[in-house]
Each structure stands twice: as C-alpha cells, then as structure tokens.
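Student: This is the structure, below, for whatever I ask next.
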Amino acid sequence: MARTTRRQHRRHPALRVLGAGASFILLIAAAFAALTLVIVPAVTGSQTYSVLTNSMNPHYGPGTLLIVKPVDADTLRTGDVITYQLESGRSDVITHRIISVTADQEGNRLLLTKGDNNSAPDDNPVTEVQLRGKLFYAVPWAGYVANWLGNQDRTLAGQAAAAVLIAYGAGTMIREVLRRRRTSTTAASTDTAPDAVVEGAHR
C-alpha cells in the first residue's frame, strides 16, 4: 500500500513579500499624489499653475506644477515667490521672486520681482490688485499633465483623479486583506487535512 500526502503549491515567500511591498509603494504613491495635487489645493483654496518658461530655473523649470495660495500682500517679504497678473483683470500670469519691497507716493505697497534665471528685474513693479498668491509648494513634472488636460478640464480632471486614486487605494487594501484571509484558511486546511491513501500493487 502506498501512502501519498496532498500538498498545495504555494508561492515562494520572497515573491509574496515583493508583491506586498510593490502594492504598498503604489498605495503610498497614490495617496501622496491625491494629497498634494487634489486635496490640499482644494482645502486651502489654492490655485495651480504650470511653468512654461525657463525664467525660474533651476528651482522651478518647465513642467513644474505650482500650487499658489492666496495671501495678504502685507505678509510678503523679499525672497518670496509670487504669482501675479501682467495686468489686473487679465488671465496671463507670471511667477517670479520678490527682490525688493517698496511703496509709491500714496503709500501703496509695490513688489519688485525677478526670475531666478533672468539677468534683469521685471520691468514694472507688482501692485496688490495684480497679486494672485504666494507659492505654497511645487511638484516637478506634474505641470505637463495639467497642460495636456487644458485649463477648462482641470477641475473635473482633479475630481476624477481623486476618485480614481481613492478607489485604487481602497481596492489595494481590500485585496490584501482577502489575500491574507485566504492564506490563513489554506494553511489551516492543509494542517488538518488527512493523508490520502492510494492502494495499488507494487512491482
């Protein structure tokens, strides 16, 4: 009589560890992207702008996504990076660094700006009505995606991206929980299953 034991093929432990690690890294990356590109700008009332030129190299090169937060002009100081309208009421904006703070004859605050990569200051000082905000933080390369989507689609795309990232994160966690439960169940079944007996003649 020959006795054989049923055995279930299981993945190598190293492969399981690598798979879990990759899933964890993707989950963290998705959560970080959702937080920095969608959630924080929405909560703080910030606006996003894409860098198109080299005037702020090497810190903020083309393709950088700038998150600009509205601030009181009186709080700005030399060295701050601001986004301002070329003319009040127009959509065209520039993001440059404040190199000096002064005032006109009426006492109105004026901001003298310059691009980090430019040799000369900007032609005209920035007034309070032109100010769009102060740089909150920047995300390299993300501006290329924003440019591809276009200005009119950014709000909808941001909401869609947030939904996708949240769904992905939830799905990853659920899959991991289910995998661990299956592993535990399989291990318990293997430990308690009787040996299979196969009868047969031996020659």
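Student: How many residues does the stretch 88-100 contain that are without any contact (Cβ under 8 Å) to a residue 12 or more places away in the chain and more than 15 Å from VAL51 (Cβ to Cβ)? Don't jump to the end; show me each part of the working.
Tutor: From the stretch 88-100, those without any contact (Cβ under 8 Å) to a residue 12 or more places away in the chain are 89-92; that's our starting set.
Of the ones still in play, those that are also more than 15 Å from VAL51 (Cβ to Cβ) are 89-91.
Final tally of qualifying residues: 3.
Student: Considering (1) outside any loop (DSSP other than H, G, I, E, B); (2) touching a helix residue (DSSP H, G or I) at 6+ places or on another chain (Cβ under 9 Å), say which one THR102 fails and leave the rest.
Tutor: For THR102, the failing item is (2).
Student: May I ask you to verify whether THR83 is within 18 Å of GLY143 (Cα to Cα), polar (S, T, N, Q) and either assigned to a loop (DSSP other than H, G, I, E, B) or touching a Leu at 6+ places or on another chain (Cβ under 8 Å) (or both)? Talk me through it step by step, then tell me what you get.
Tutor: On the way: within 18 Å of GLY143 (Cα to Cα): yes; polar (S, T, N, Q): yes; either assigned to a loop (DSSP other than H, G, I, E, B) or touching a Leu at 6+ places or on another chain (Cβ under 8 Å) (or both): yes.
Answer is yes for this residue.
Student: Further, regarding this structure: Conditions first: (1) without any contact (Cβ under 8 Å) to a residue 40 or more places away in the chain; (2) of a type in the set (Phe, Trp, Tyr); (3) in a loop (DSSP other than H, G, I, E, B). PHE32 passes all but one, so which condition is the exception?
Tutor: Only one criterion is unmet by PHE32, namely (3).
Student: Something else: Considering the stretch 37-72 alone, what residues qualify as being in a strand (DSSP E or B) and loosely packed, with under 13 Cβ neighbours inside 10 Å? Even if it seems obvious, please write down each step before you answer.
Tutor: Initial filter on the stretch 37-72 (in a strand (DSSP E or B)): 47-50, 65-69.
Selection gives nothing.
Student: Name the pairs whose Cβ atoms lie under 6 Å apart, with the first residue in the stretch 72-87 and among the polar types (S, T, N, Q), the second in a strand (DSSP E or B) and open to solvent by less than 10 Å² (accessible area, probe 1.4 Å), and 6 or more positions between them or separate chains?
Tutor: THR78/ILE98; THR83/VAL68; THR83/GLY133
The values are calculated or read from the model by the stated rules, or taken from the named source; none is laboratory data. The shown structure was predicted, so the numbers you read here are calculated from the model rather than taken from an experiment. A quick note on method: Cβ atoms are made from the backbone with ideal geometry, for glycine too, and the neighbour counts reach across all protein chains shown. All accessible areas refer to the heavy atoms of the entire protein, side chains included, with ligands and DNA or RNA removed. Shrake-Rupley method; radii C 1.70, N 1.55, O 1.52, S 1.80 Å.
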